[in-house]
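What follows is a short report on a single structure.
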Amino acid sequence: MPNFIAVLDADTERRDRFIRSVTTRLAFLDGLRTDNLACGPFAAAWAVTDRSPVSTAHREGCAAVLFGDAIAGPAAHRLDANGLIDAWRAASRPGGGSGDASPPVFDGLYAAVSYDAGRGLMVAGDVLGLFPIFHATNADVTLAGSSPELFRQHPLFPAAPSYDGIVMTLLAHASVGGRTLLGGVRRLGVGHALLANRRETATEVKQYVIPRSLAYRSLDFEDHLRILDEAWAAVIRRHVTPGSAVGLLLSGGGDSRLLAGYLDQSGADVHALTLGRVTDYDAACATRVAKRLGFRHDIVDLAGTSLADCAATQAVWEHLASGFSNVHTWGAVPAMRTLPVRCVSGYLREIREIPLGEPSFEGSFGGPHAHGIAPDLLRRLLRPEWKELVDQLYGELRREWESAADEPAERQWRFLLAHGARAHPGGVQWRFTFGSWPIVPLLDRDLLETIASIPSSSFADRRAQDALLRTRFAPLARLPLDRNSHDTRPIAPTFARAAISPLLVATRRLRSRVAGPESERRYYHRLFDIDNEAWRGVRRRAEAGREALTALFDPAELASVLPRPDADFALDHPIRDGFSRKLLLGLMLWASDHPV
């Protein structure tokens with residue numbers, strides 16, 4: 001994804017000086033080139049790879065730049081920057097205020113920046129807000145960009161910390177309510193566009209809410225499967241050019257396996273990529289899928305990548321807006337550049353596949369989707385003057401959860417989609433675009449409406465996904481499936497495989513205990529182990545920021561939760577309990593270069 005900045009500033013000298021300053025910082029990865037565009041008080045600059053889908057337009061009194069795939073209409077037309085200008089003009093009227101516009105919305109992963117002398121500035125992104133867009137306004141200057149880090153270069157935007165933004169990020173493991181770690185800088189809300197002109201403060205305007213039909217309520221599960229099957233096939237047709245070369249991030253699990261089935265069905269020329277070691281259960285299962293479908297397949301071990309460098313990149317350029325758990329994905333960028341220009345990503349699945357039972361707010365923050373710091377622990381960590389913020393912001397989170405929808409299951413899905421899913425798997429997409437532009441099937445309004453309209457009972461515990469694999473892609477359902485455990489039973493095992501499975505699992509567990517952590521075959525267990533040497537490197541890098549947090553944290557309490565790098569955590573649940581510690585490490589890395 002491009003690293004971009006846009007500014008609306010009538011002071012020509014100040015604007016040009018700012019653009020020159022940020023242009024030297026935009027290309028923070030190898031292999032990026034910079035470019036820029038200006039029109040009247042508007043200017044933009046960006047850094048992209050030569051393969052990134054970028055379109056620009058400059059007419060009299062207007063200019064636009066479009067990053068990625070903005071897919072419009074039933075014909076799945078990919079918009080260019082000229083089409084963006086026309087769409088923006090059709091949706092607004094000259095001289096109108098922010099309330100007089102209804103910005104256009106499209107499918108696909110994209111960010112759109114359009115300036116018109118008569119209408120002002122419009123900045124918008126995909127329907128789930130995965131493309132990170134931040135903004136700030138001071139006096140008559142508006143900034144918008146992909147990272148808050150660039151805002152610090154403007155003389156009107158000092159890098160003051162936002163303590164409520166820091167505490168909210170620690171609670172939720174994400175940017176919630178638009179808050180960021182910097183005062184005055186906000187992240188654009190899900191389904192919103194930013195509108196600004198020189199007469200008004202920049203305003204966020206609602207573009208899109210996932211609609212929900214009740215038409216499917218009376219249908220049975222088989223009908224739901226048929227509807228989902230048609231919807232998934234249609235998404236692949238709309239977002240993947242028939243017969244074209246396309247990448248696929250292929251794990252050994254069910255999400256990417258289902259996508260692999262539909263890609264094979266579409267006739268696409270697929271080049272699959274799996275991250276990890278050849279000996280991992282995940283890679284072994286993915287290999288079987290790729291071989292069965294005849295896909296070209298590469299397995300890339302990121303062990304030689306410096307996790308500390310990846311972590312520093314994420315802390316500086318993302319400001320913890322997407323949490324701090326899967327920092328290793330920055331190391332996948334070089335491997336992604338070996339794929340075709342576009343790559344199908346299953347990192348963001350339907351998210352309705354949550355456990356059965358009555359959803360609750362506490363469950364959302366204490367279950368498998370929780371990656372933040374528990375309120376009780378955060379109160380203990382903070383100095384007395386900040387403890388009240390925890391209750392205040394936790395109450396705000398609760399109110400947002402309760403207002404997400406009327407029905408509990410619907411409420412949980414929409415809340416997780418807007419926050420946990422947007423940050424944890426969704427945040428990966430920005431990193432991957434520096435390698436191969438992600439095609440994210442869930443960024444399709446027809447599919448979203450279909451998923452929203454089918455009762456959650458058809459999705460719970462992966463019921464729909466497993467059934468689609470068994471009935472539509474039976475050969476794939478019979479292949480071993482990675483579950484991030486020693487159990488790789490297929491979804492549809494043979495009688496013999498089902499019979500020997502308990503013995504096989506027990507044997508693998510014994511071998512794992514004897515061989516030790518370095519021979520761990522469960523990819524995510526090895527990857528997320530905060531006591532491994534790669535994470536110790538992150539901990540050593542982060543130590544420089546420990547003292548910088550003394551104004552916020554009690555040093556003794558922080559040391560008890562986040563010991564020095566030479567000490568083991570020895571957590572009962574290394575993956576689940578490691579998320580909160582990693583979030584603190586990310587804040588320490590960020591604080592080493594940002595006053596707190």
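Worth a mention:
- Taking every protein chain into account, the accessible area of the chain amounts to 38 square angstrom per residue (probe 1.4 Å).
- Projected label distance in nm at SER403 and ARG576, using a 7 Å step from Cα toward the beta-carbon: 3.1 nm
- Order of exposure, largest accessible area first, which applies to VAL341, VAL167, VAL105 with probe 1.4 Å: VAL341, VAL105, VAL167
- Helix-only CD estimate at 222 nm, as mean residue ellipticity for the chain, using -39500 (n - 2.57) per DSSP H run (n ≥ 4): -11500 deg cm²/dmol
- Full extension of the chain between SER485 and ARG59 gives 147.7 nm of extra length, using 0.36 nm per residue less the Cα-Cα distance.
- The largest accessible area among VAL113, VAL205 belongs to the first residue in VAL205, VAL113, and the rest follow in falling order (1.4 Å probe, all chains).
- The tail of the calculated P(r) for region 146-278, taken as Cα-Cα distances beyond 16 Å, holds 78 percent of the pairs.
- Per-residue SASA entry for TYR115, accessible area with 1.4 Å probe, Å² rounded to 10: 10 Å²
- Inter-site label distance for ASP531 and ALA559 at 7 Å from Cα along Cβ, in nm: 2.2 nm
- With N as its number of residues, region 1-154 has a Cα radius of gyration that, divided by 2.2 N^0.38 Å, comes to 0.99.
- Sparse-neighbour loop sites [trypsin sites (Lys or Arg not before Pro); region 184-270; at most 13 other C-beta within 10 Å; DSSP]: ARG199, ARG217
- For the chain: span of alpha carbons on each principal axis (Å, largest first): 74, 60, 47
- For LYS387, a cut-off of 19 angstrom between C-alpha atoms picks up these aspartates and glutamates, skipping any fewer than 8 places away in its own chain: ASP164, ASP376, GLU396, ASP554, GLU557.
- Gained length - LEU377 relative to GLU547, 0.36 nm times residue gap less alpha-carbon distance: 59.2 nm
- Within region 490-505, backbone nitrogen closer than 11 Å to the virtual label 7 Å beyond the Cα of ARG470 toward Cβ: 491-493
- Region 106-158, Rg to Rh (Cα coordinates; Rh as Kirkwood inverse mean 1/r): 1.01
- Calculated FRET efficiency, THR241 to ARG511, Cβ-Cβ distance, R0 = 45 Å: about 0.50 to the nearest 0.05.
- Remark on region 425-523: Rg and Dmax equal 18.1, 50 Å (Cα only).
- Neighbour cut-off at most 11 other Cβ (10 Å), DSSP loop, trypsin sites (Lys or Arg not before Pro), region 417-448: none
- Distance from region 501-558 to region 170-246 (C-alpha centre basis), Å: 33 Å
- Scattering curve values for region 1-62, log₁₀ I(q)/I(0), Debye with Cα scatterers, q = 0.16, 0.29 Å⁻¹: -0.52, -1.23
- Using the Karplus relation 6.51 cos²θ - 1.76 cosθ + 1.60 with θ = phi - 60°, the per-residue 3J(HN,Hα) values for region 207-213 come to 9, 8, 10, 4, x, 9, 9 Hz, with x marking Gly and Pro.
- Size of charge dipole - region 517-596 - debye, nearest 20, with Cβ of Lys, Arg +1 and Asp, Glu -1, no other charges: 260 debye
- Positive-end extreme of charge dipole, the chain - chosen from LEU339, ILE454, LEU181 (charges on Cβ): LEU339
- Net length available on complete extension from ARG217 to ASP461 is 85.9 nm, with 0.36 nm assigned per residue and the Cα-Cα distance removed.
- Distant-in-sequence amide contacts of ARG489, defined by a placed amide H-H separation under 5 Å and a gap of 5 or more residues or a different chain, comprise LEU481.
The values are calculated or read from the model by the stated rules, or taken from the named source; none is laboratory data. What you see is a predicted model; the values in this text were computed from it and never measured. Note that we place each Cβ from the backbone using ideal geometry, even for glycine, and neighbour counts take in every protein chain shown. These area figures cover heavy atoms from the full protein model, side chains too; ligands, DNA and RNA do not enter into them. Shrake-Rupley method; radii C 1.70, N 1.55, O 1.52, S 1.80 Å.
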